[in-house]
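The values are calculated or read from the model by the stated rules, or taken from the named source; none is laboratory data. Since this is a predicted model, take the numbers as computed values, not measurements. Using ideal geometry, Cβ is built from the backbone for each residue, glycine included, and neighbour counts are taken over all protein chains shown. Each accessible area value is taken on the protein alone, full model and side chains, heavy atoms only, with ligands, DNA and RNA left out. Shrake-Rupley method; radii C 1.70, N 1.55, O 1.52, S 1.80 Å.
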Amino acid sequence: MRKALVIQEDIIILKILERLVMLNHYECKAIGSINDLNIEDQSENFDIIISDILFDGIAPLDFVFQIQEIILHQSLIIVTNMGQKKIKKEIMASENVSGFFAIPLDMDHIQTLIA
């Protein structure tokens, strides 16, 4: 079974994204922040990570680089309240980032990427 990691502080969005990936036949780990990862999670190779980029104490681009360094994954999708075009452009230029969606968002676009 494919594996997904969802990192999102907003509990409502976290639960919506968790349900979406489970409906698309992923085994899903849903957490509120990167600090909730355990050692086993860091050695896991996730097929997809869906994450926010707005977390206390870390710049959005630095967060993306941190995710790319410490968690093995095939694809990263950003779902965030931050819709600045400059940040989006910089993040989309990063390796393995397949989508950037500002909230409010259209779930159909995310579903297309994870299906």
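Given Val97, Ile70, Leu37, which one lies farthest toward the positive end of the charge dipole of the chain, if we put +1 on the Cβ of every Lys and Arg and -1 on the Cβ of every Asp and Glu?
Of the candidates, Val97 comes out farthest on the positive side.
FRET efficiency for Glu44 and Ser94, Cβ-Cβ distance as r, R0 = 22 Å, nearest 0.05?
0.60
Just to confirm, what accessible area per residue do you get for the chain at 1.4 Å probe, in whole Å²?
Per residue, the chain has an accessible area of 55 Å².
Given a 1.4 Å probe and heavy atoms of the protein chains only, how would you sort His109, His25, His73, largest accessible area at the top?
So, going from the largest accessible area down, we get His25, His109, His73.
Hey, any idea what % of the chain's accessible area is carbon plus sulfur with a 1.4 Å probe?
Exposed carbon and sulfur together represent 51 percent of the surface.
With a Förster radius of 22 Å, plug the Cβ-Cβ distance of Thr112 and Leu72 into 1/(1 + (r/R0)^6) and report the FRET value to the nearest 0.05.
Efficiency for this residue pair is about 0.40.
Would you tell me the accessible area of Met92, worked out with a 1.4 angstrom probe on the heavy atoms of the protein chains, in Å² to the nearest 10?
Estimated to the nearest 10 Å², Met92 gives 70 Å².
Using the Cα centre as the reference, give the magnitude of the dipole from point charges on the C-beta atoms of the chain (Lys, Arg: +1; Asp, Glu: -1; all else neutral), rounded to the nearest 20 debye.
Computed charge dipole of the chain: roughly 380 debye.
Give me the net charge for the shell around Asp52: Cβ to Cβ below 12 angstrom, other residues only, Lys and Arg +1, Asp and Glu -1.
Net charge in that neighbourhood comes out at -3.
Using 0.36 nm times the number of residues separating Lys85 and Arg19, minus their current alpha carbon distance, what extension gain do you get?
Full-extension gain reported as 20.9 nm.
Once a ≥ b ≥ c are taken as the square roots of the eigenvalues of the Cα gyration tensor of the chain, is the result rounded (a/c under 1.5), prolate (a/b larger than b/c) or oblate (a/b not larger than b/c)?
Rounded, because the longest to shortest axis ratio a/c is under 1.5.
Ile50's amide H: which non-local residues (gap 5+, or another chain) put their own amide H closer than 5 Å, with H modeled 1.01 Å from N in plane and none for Pro or chain starts?
Leu5, Val6, Ile7, Ile77
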